[in-house]
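Data first, discussion second: the structure below is written as structure tokens.
Readers should treat all values here as calculations from the given coordinates under stated rules, not as data from a laboratory. Here the structure is a predicted model, which means the values were calculated and not measured. So basically every Cβ, Gly included, is an ideal-geometry build from the backbone, and we count neighbours across all protein chains shown.
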Amino acid sequence: MTTVSVRDVNTDLSELVDEVIKGGSVTITRDGKPVATLVAVEDEPQADAAQKVNLVDYLKSFPEPGLVLERNPSPSRDVDL
């Protein structure tokens with residue numbers, strides 16, 4: 001794994017991309033602190049797939065069991081149709 005500063009990324013991007021394509025990864029730092037990682041698309045974690053929820057399952061989760069909802073007692077506004 002290579003570590004470079006943001007300034008170096010601006011000047012050496014093509015070389016860093018070549019390194020990533022060959023199977024490496026690049027950590028980008030700002031002020032000495034890691035802020036991003038450059039990885040190949042194939043190596044990217046598939047976090048989105050784990051977070052997607054079926055719409056039906058999502059709707060079934062509401063309201064939570066035991067949740068009591070109170071209705072607003074104020075009258076609704078008049079609307080001319």
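Brief remarks on what is shown
- The chain - charge dipole about Cα centre, Lys and Arg +1 at Cβ, Asp and Glu -1, debye rounded to 20: 320 debye
- Spacing of the two label points (7 Å from each Cα toward its C-beta) at residue 18 and residue 2, in nm: 0.9 nm
- Of all lysines in the structure, those lying under 19 Å Cα to Cα from residue 52, and not within fewer than 8 positions of it along the same chain, are 60.
- Under 5 Å between amide hydrogens, built in the peptide plane, is the criterion, and for residue 25 it picks out 2 among residues at least 5 positions away or on other chains.
- Here the sum of -39500 (n - 2.57) over DSSP H runs of 4 or more residues, divided by the residues of the chain, equals -9500 deg cm²/dmol at 222 nm, to the nearest 500.
- Angle between the chain longest axis and helix 6-21 axis [Cα atoms, degrees, rounded to 10]: 90 degrees
- Annotation: the antiparallel percentage among DSSP beta bridges lying fully within the chain is about 55.
- Residue order, fewest to most surrounding Cβ atoms within 10 angstrom, among 79, 53, 39: 79, 53, 39
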